[in-house]
Amino acid sequence: ETDRLITTTGSDANGNVMHQTTDGPVDVRYTYSYKIAALVKPGTTEIQTGFSPVASAQSLPLAPVSGLTYTLTPSTKTLGRLDARITWNTMQGAIKYMVYDPTWAAAKEFWPSSPQPATMSYVQPGLPVGYTLTVCVSVIYPFDRGGSPVPCVDVKT
């Protein structure tokens, strides 16, 4: 990546000017390295100091969806069947959720609204009694290349 200017975030208790930046989210498969230089303005010209020693950090794993549950209610569309509401907790920084359900030809995308709700859900209508449906929900973060665990729940009617 190219060099970035980090803005001032305030002063500490001793009056030292503080600078801070967040780099992320980043892909969990890589170690990232950083070096820092200061831009000093004595008088009217700007001078760049030498770079600091290189600091490296391994990315933290991206958190999987949590709180994956279901509830059953009598079907509103098909007499004698059940509707299953699949619910999960929204994850900070998520851009979308991919839901895998074997009754669908492909995974479906669910996008959180803004502001992000505490939970998201969808309804799978008209399940027969005595049926088991496995539903998996993955969370997609910016720069995500996969690799996060994908929790599943067995919906038993």
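Structure notes:
- Condition broken by Val153, with the remaining ones in (1) more than 14 Å from Leu72 (Cα to Cα); (2) surrounded by 15 or more Cβ atoms within 10 Å (Cβ to Cβ); (3) not acidic (Asp, Glu) satisfied: (1)
- Selection over region 41-88 of residues that are modelled with pLDDT under 80 and acidic (Asp, Glu) gives a count of 1.
- Subset of region 130-157 (residues that are at pLDDT 90 or above and out of contact with any Cys (no Cβ under 9 Å at 6 or more places or on another chain)): Gly130, Tyr131, Thr132, Leu133, Ser138, Asp154, Val155, Lys156, Thr157
- Any hit, region 95-107, residues being out of contact with any strand residue (DSSP E or B) (no Cβ under 7 Å at 6 or more places or on another chain) and within 15 Å of Pro64 (Cβ to Cβ): no
- Residue match in region 118-127 (condition: under 30 Å from Tyr32 (Cα atoms) and surrounded by 12 or more Cβ atoms within 10 Å (Cβ to Cβ)): no
- Number of residues in region 107-122 that are in a loop (DSSP other than H, G, I, E, B) and under 21 Å from Leu72 (Cα atoms) equals 1.
- Complete set of residues in region 81-134 that are in contact (Cβ under 8 Å) with a residue 40 or more places away in the chain, out of contact with any Gly (no Cβ under 9 Å at 6 or more places or on another chain) and of a type in the set (Lys, Arg): Lys96
- Lone unmet requirement of (1) outside any loop (DSSP other than H, G, I, E, B); (2) within 25 Å of the chain's Cα centre (by Cα); (3) surrounded by 10 or more Cβ atoms within 10 Å (Cβ to Cβ) for Ser56: (3)
- Selection of region 63-106 for residues being of a type outside the set (A, V, I, L, M, F, W, C), more than 15 Å from Thr157 (Cβ to Cβ), open to solvent by less than 70 Å² (accessible area, probe 1.4 Å) and in a loop (DSSP other than H, G, I, E, B) yields Pro64, Ser66, Gly67, Thr90, Gly93.
- Among the residues of region 107-116, the ones that are exposed (fewer than 13 other Cβ atoms within 10 Å of the Cβ), modelled with pLDDT of 90 or more and not charged (D, E, K, R) come to 1 in all.
The values are calculated or read from the model by the stated rules, or taken from the named source; none is laboratory data. Values in this document were obtained by computation on a predicted structure and should not be read as measured data. All Cβ positions, glycine included, derive from the backbone under ideal geometry; neighbour counts span all protein chains shown. Areas reflect the complete protein model, heavy atoms only, side chains present, ligands, DNA and RNA absent. Shrake-Rupley method; radii C 1.70, N 1.55, O 1.52, S 1.80 Å.
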